[in-house]
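Worksheet: one structure, shown below.
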Amino acid sequence: MDENELFEKYDIECFDYTDYPHKSFWSESMQGDQYRDALTETFSDSNHNATTLYVHIPFCVKLCYFCICHKEITQNYERVKRHVYESLLPEFDLLIGHFERTGIRPRITEVFFGGGSPTILEFEEFDALLGKIRRLVDIASLDRFCVEVDPRNVTEDKLRFYKAQGVTVISIGVQDFDPKVQEAVNRVQSYELTRDTLQLARELFTSINFDLLAGLPYQTEESMRRTMDQVLELAPDRISFDYFRYNEKFYHHMRVLNKLNAFPNGVEKRKIMAVAAAGFKKAGYLRTGFEHFALPTDRVGKALQDGTATYTSLGAIAGTSLNVIATGRSGHGILGDAYLFQNHYEQGHFKKAIDAGELPTYRGHKLSADDALRRDIIRRLRTYFFLDIGVLEHKYSLEFDQYFQKEKIILDYFMRDGLVVQDDGRITVTEDGLHFAELIASVFDVYTNEMLLSRLEEVV
């Protein structure tokens with residue numbers, strides 16, 4: 001089958017696996033007390049994995065219509081300040097108090113401010129948060145300190161302030177440079193503005209990431225070639241290039257984007273991604289995951305070549321910091337191979353928990369041994385695009401073909417069309433299969449692979 005036929009045949013939606021299992025399978029019975037116990041259990045082990053501290057800032061000045069993140073749109077900065085001082089800083093106090101009472105201290109090596117839009121924070125509120133973070137870690141000792149940046153509301157003074165506070169990496173939201181696409185998604189951000197932000201950032205920070213999306217209204221293969229050429233002119237160190245994921249629960253998807261009647265369909269969306277991926281590869285970027293790219297000189301690019309890179313809820317990472325302590329509304333964390341937790345989305349529930357002296361945990365999941373195995377497989381497939389069966393059998397004391405009998409049936413569908421090959425003790429995603437890596441990884445999702453098998457039986 002040629003590429004177009006494969007795109008048509010395997011036009012199948014699946015989870016994007018920011019973590020496994022998907023959050024929709026987590027339990028709301030796992031809340032603050034269970035989270036405290038999990039923190040104690042994880043960090044009482046002196047050999048625990050290094051940790052990333054994630055700080056979610058759920059505010060933006062203007063709504064981007066493609067957004068699926070938890071956010072609050074406001075131009076009233078007093079609302080932002082109230083959240084920082086009445087909710088977010090008290091959450092840090094609860095965490096710090098728990099660590100002090102139990103005598104444990106997580107080995108934090110990375111800090112990440114995400115959103116929303118962290119650049120909405122003024123200097124005083126940003127510094128107030130850093131005051132809490134300094135009680136947990138010496139910022140000067142961090143391996144990486146990243147802040148997501150919106151060029152439309154970040155100033156030169158603010159970028160220099162970040163540098164002075166120890167920030168080493170920034171991630172710039174771009175999505176697309178085509179003016180028609182930008183207008184459709186309510187994010188008008190000129191190439192020149194992004195270029196100027198990047199040029200200053202190069203003087204200040206060690207690495208710069210661009211966020212892009214495939215599948216936005218009015219995008220075509222040709223328009224993506226133009227955007228890709230402009231991105232390559234700017235040459236960021238890393239590129240996060242995900243699919244736009246339409247979701248009917250978001251009113252701005254339903255009421256705004258639907259009216260345009262201009263979405264690329266599933267096949268066109270994959271073609272747009274394929275055009276960009278080929279261009280980035282030709283320009284020398286390494287594919288550090290299904291939808292991530294990095295220059296060989298970048299930290300994640302080096303980790304991929306060393307075999308230490310992996311994928312977590314924060315995207316493609318160097319693999320040196322596998323735990324995530326998440327703060328802020330909707331932030332979700334990872335504690336070893338045992339636990340996943342997420343904070344409340346709604347401010348009312350979040351604040352109610354804080355006021356009661358409870359960590360604002362909404363739901364969680366305790367991984368079984370099978371969950372940990374499957375998460376390992378999914379992470380490896382979407383990062384390196386192959387599985388070493390012998391390594392898995394030794395690590396988990398299992399016989400692969402016997403343990404994954406059902407999964408082998410599903411893999412056979414992909415093997416017949418040349419998306420996957422198995423030889424020399426390896427299952428490898430082929431060049432054609434790279435376009436469907438997230439679908440191939442979903443074979444090992446025990447929560448959904450019955451549905452996948454049923455869907456594949458329909459298309460074969």
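The values are calculated or read from the model by the stated rules, or taken from the named source; none is laboratory data. All of these numbers come straight from a predicted model, not from anything done at the bench. Here the Cβ positions follow ideal geometry from the backbone for every residue, glycine too, while neighbour counts run over all protein chains shown. Side chains included, ligands, DNA and RNA excluded: accessible areas come from the protein's heavy atoms. Shrake-Rupley method; radii C 1.70, N 1.55, O 1.52, S 1.80 Å.
Per q in 0.20 Å⁻¹, report the Debye log10 I(q)/I(0) for segment 321-443, using one uniform scatterer on each alpha carbon and no solvent.
Log10 I(q)/I(0), no solvent term: -1.06.
Mind jotting down a quarter of the surface of the convex hull over the alpha carbons of segment 1-129, in square nanometres, one decimal?
12.3
How large is the helix-only mean residue ellipticity at 222 nm for the chain, computed as the sum of -39500 (n - 2.57) over DSSP H runs with n ≥ 4, divided by its residue count, in deg cm²/dmol to the nearest 500? If you can, show how the numbers build up before the last one.
Details: 18 runs with 185 residues, N = 460.
The helix contribution divided over the chain gives -12000 deg cm²/dmol.
Could you work out the relative contact order of segment 330-419? I mean the mean sequence separation of Cα pairs under 8 Å and 6+ apart, divided by the number of residues, in percent. Numbers along the way, then the final one.
Numbers: 67 pairs, mean separation 16.0, N = 90.
It comes to 18 percent, rounded to a whole number.
Calculate how many DSSP beta bridges within the chain are antiparallel, expressed in % of all such bridges and rounded to the nearest 5. Mind dumping the intermediate values first?
Working: 27 of 61 bridges.
Just about 45 percent of them are antiparallel.
Using mean Cβ contacts within 10 Å as the protection proxy, how do 295-306, 326-337 order, highest first? Please report the intermediate quantities before stating the final value.
On the way: 295-306: 18.2, 326-337: 22.5.
For the peptides 295-306, 326-337, the packing ranking is 326-337, 295-306.
Please list, in order along segment 255-266, the HN-Hα scalar couplings obtained from phi with the Karplus expression 6.51 cos²θ - 1.76 cosθ + 1.60 (θ = phi - 60°), rounded to whole Hz, x for Gly and Pro.
Each residue's phi maps through the Karplus curve to give 8, 10, 5, 4, 5, 6, 6, 10, 5, x, 6, x Hz.
Write down the Å³ per residue value for the convex hull defined by the alpha carbon atoms of segment 403-443.
Values: hull volume 2.7 nm³, N = 41.
Spread over its residues, the Cα hull of segment 403-443 gives 65 Å³ apiece.
Taking amide H atoms as placed 1.01 Å from N in the peptide plane, list the residues 5 or more away in sequence, or in a different chain, whose amide H sits under 5 Å from that of Leu212.
Gln175, Ser240, Phe241, Asp242
With every protein chain present, what accessible area does Lys158 have (1.4 Å probe, heavy atoms only), rounded to the nearest 10 Å²?
10
Compute, for the chain, the length of the dipole vector about the Cα centre, with Cβ point charges of +1 (Lys, Arg) and -1 (Asp, Glu) only. Units Debye, rounded to 20. It would help to have the intermediate numbers written out before the result.
Working: 54 positive and 71 negative charges, 221 e Å.
Around 1060 debye, computed over the chain.
By what distance, in whole Å, do the Cα atoms of segment 119-161 stretch along each of the three principal axes, largest value first?
31, 21, 14
Against the globular-protein guess of 2.2 N^0.38 Å, express the Cα radius of gyration of segment 326-391 as a ratio, rounded to two decimals.
On the way: Rg = 16.1 Å, N = 66, 2.2 N^0.38 = 10.8 Å.
Here the Cα radius of gyration is 1.49 times the empirical estimate.
Using DSSP to define loop residues, name the GluC sites (Glu not before Pro) in segment 339-407 whose beta-carbon has at most 10 other beta-carbon atoms within 10 Å.
Numbers: sites: Glu346, Glu358, Glu393, Glu399, Glu407; in loops: Glu346, Glu358, Glu399.
Of the GluC sites (Glu not before Pro), the ones in loops of segment 339-407 whose Cβ has at most 10 other Cβ atoms within 10 Å are Glu399.
Expressed as a whole number of Å, what is the distance separating the alpha-carbon centroids of segment 384-460 and segment 244-314?
Rounded to whole Å, the Cα centres lie 21 Å apart.
State whether segment 201-333 is rounded, prolate or oblate according to the following rule on the C-alpha gyration tensor (a ≥ b ≥ c being the square roots of its eigenvalues): a/c under 1.5 gives rounded; otherwise a/b larger than b/c gives prolate, and the remaining case gives oblate. Mind dumping the intermediate values first?
Working: a/c = 2.05, a/b = 1.28, b/c = 1.60.
Note, shape of segment 201-333 comes out oblate.
Taking mean projected area of the Cα convex hull in nm² as the quantity of interest, determine which of (i) 45.6; (ii) 21.1; (iii) 35.3 was computed from the displayed structure.
So the calculated entry is the one marked (ii).
Treat each spin label as a single point 7 Å out from the Cα along the C-beta direction, and report the Met1 to Glu346 distance in nm.
It is 4.4 nm.
With a 1.4 Å probe and every protein chain left in place, tell me how much accessible area Ile120 has, in Å² to the nearest 10.
Spelled out: Ile120, probe radius 1.4 Å, area about 20 Å².
So, by mean Cβ neighbours within 10 angstrom, what's the order for 136-143, 87-94 with the highest one leading? Present the calculation step by step, with values, prior to reporting the outcome.
Working: 136-143: 14.4, 87-94: 19.4.
Descending packing order for the listed peptides: 87-94, 136-143.
What order do you get for 279-285, 361-367 when each peptide is scored by the mean count of other beta carbon atoms within 10 Å, highest first?
Descending packing order for the listed peptides: 361-367, 279-285.
Take the alpha carbon atoms of segment 271-314, find their radius of gyration, then divide it by 2.2 N^0.38 Å using N residues; give the quotient.
1.16
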